[in-house]
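The values are calculated or read from the model by the stated rules, or taken from the named source; none is laboratory data. Here the structure is a predicted model, which is why all the values come from computation and not from measurement. Note that we place each Cβ from the backbone using ideal geometry, even for glycine, and neighbour counts take in every protein chain shown.
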Amino acid sequence: MAFPPRSTDELVVYRFSKQSNSWQIPRRMLLAVRTAALESRLVFPHWSDGFSIWGAGRDGTDVFKALSPAAQARVRAIGDIDPRKSGTRLARP
């Protein structure tokens with residue numbers, strides 16, 4: 001699998017301020033914004049052979065479900081260290 005060239009640009013910057021209302025933004029809305037950025041910056045320009053998602057728990061499966069059908073088709077595996085999740089399948093929504 002070919003990897004995209006490493007970027008020296010910051011891809012994501014997290015900041016917290018008590019005066020900010022951003023902590024009130026729903027988790028699913030943030031997930032939608034992040035997965036859209038992931039698709040437009042990495043999945044379609046660089047990962048034509050596919051990619052994997054690390055973490056088969058709530059967050060990993062939510063990332064998979066938030067991807068577009070075209071990006072979901074490029075997911076080759078969802079990995080996790082939990083032996084109970086090994087060999088299981090995640091159905092496309």
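Can you say whether LYS85 is basic (Lys, Arg) and in contact with a Pro (Cβ under 8 Å, 6 or more places away or on another chain), as far as the supplied structure shows?
No.
What about ASP62, is it modelled with pLDDT of 80 or more and either of a type in the set (Gly, Ala, Ser) or within 15 Å of the chain's Cα centre (by Cα) (or both)?
yes
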